[in-house]
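Novice: Supplied in structure tokens, the structure appears directly below.
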Amino acid sequence: MATEGPAADPFESVESHEGVTEPSKRRIPLSLELSLLIAASLIAAVLMKTFLFAAFYIPSVSMQPTLEVQDRIMVNKLVYDFRQPRAGEIVVFDNPLVDGPESDGLQERIAKAVRDAFGLRAAEVPDDFIKRIVGLGGDVVEISNGVVTVNGVAIDEPYLHPDTVMRDFDPVTVPEGELFLMGDNRNSSGDSRVFGTRPVEDVIGKAFVLIWPFDRASGL
């Protein structure tokens, strides 16, 4: 009578059986994995630039000496969803001298987001302006004897060049929900003295950091 061998161990790995191997797992090719990773990273960057931050370069002298031509800045696009703008902050807003479409289509918004992601979108030409908030809704702004006053009080403006010359500007009351905006280079800036106050809703975001050139990188 034949003797039965030992019972098979139900927990024994299949690799222990001679001649039996576990089927190899199928893997995504490395090149495809890298392509998917790059695509996902680009999409994430575009979405972040579209909804959170935007990069701009400065094409004009209107914000000197704070910002020079070809400087790169980052703009926070969400901050004013949680609080109101404050006097002294630098903001990017829709160009008031250009009549653009009421709203961009999806393709145009994606194209702008890609330009933002690589800092290829200019503040001031042709779509956007960058200026400093001088007056808020309800404020009375005036320039007299080269000094800006808000509600009758001279404001401290250490960012101006010592040789700044400003013509007198008659008092104007800023409507509620709007801003009085001026460039730091008062001798060469088209701002609210020219195009008037602008609605807060036209503000794209708050400039918060100068990122290039690196030797001048700083908060704004």
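Novice: Pick out, from the stretch 129-200, the strands (runs of 3 or more DSSP E) lying fully within it that include 2 or more residues that are among the β-branched types (Val, Ile, Thr), more than 17 Å from Val91 (Cβ to Cβ) and out of contact with any Lys or Arg (no Cβ under 8 Å at 6 or more places or on another chain).
Specialist: Details: elements: 140-144, 147-150, 169-173, 178-182.
The strands (runs of 3 or more DSSP E) meeting that bar are 147-150, 169-173.
Novice: Continuing with this model, one more query. Please find, within the stretch 46-92, the residue that is modelled with the lowest pLDDT out of those that are within 10 Å of the chain's Cα centre (by Cα) and assigned to a loop (DSSP other than H, G, I, E, B).
Specialist: Restricting to residues being within 10 Å of the chain's Cα centre (by Cα) and assigned to a loop (DSSP other than H, G, I, E, B), the top hit is Leu52.
Novice: Looking at Ala154, Ala207, which is the one that is modelled with pLDDT of 95 or more, small (Gly, Ala, Ser) and surrounded by fewer than 17 Cβ atoms within 10 Å (Cβ to Cβ)? Even if it seems obvious, please write down each step before you answer.
Specialist: On the way: Ala207 fails: surrounded by fewer than 17 Cβ atoms within 10 Å (Cβ to Cβ).
The conditions single out Ala154.
Novice: For the stretch 93-118, which residues satisfy the criterion of being modelled with pLDDT under 60 and touching a strand residue (DSSP E or B) at 6+ places or on another chain (Cβ under 6 Å)?
Specialist: The answer is Asp116, and nothing else.
Novice: To continue, here is another question. Among the numbered criteria (1) of a type in the set (A, V, I, L, M, F, W, C); (2) loosely packed, with under 13 Cβ neighbours inside 10 Å; (3) over 14 Å from Asp139 (Cα atoms); (4) modelled with pLDDT of 95 or more, which one does Val165 miss?
Specialist: (4)
Novice: Can you tell me how many residues in the stretch 180-190 are closer than 16 Å to Leu97 by Cα and at pLDDT 95 or above?
Specialist: So in the stretch 180-190, the residues closer than 16 Å to Leu97 by Cα come out as 180-183, 189-190.
In the following step, the residues that additionally are at pLDDT 95 or above were identified as 180-183.
Qualifying residue count for the region: 4.
Novice: Shifting gears a bit: Could you figure out which of (1) in contact with a Pro (Cβ under 9 Å, 6 or more places away or on another chain); (2) part of a loop (DSSP other than H, G, I, E, B) isn't true of Lys206?
Specialist: (2)
The values are calculated or read from the model by the stated rules, or taken from the named source; none is laboratory data. Note that the structure is a prediction, hence the values are computed from the model and not measured. Note that we place each Cβ from the backbone using ideal geometry, even for glycine, and neighbour counts take in every protein chain shown.
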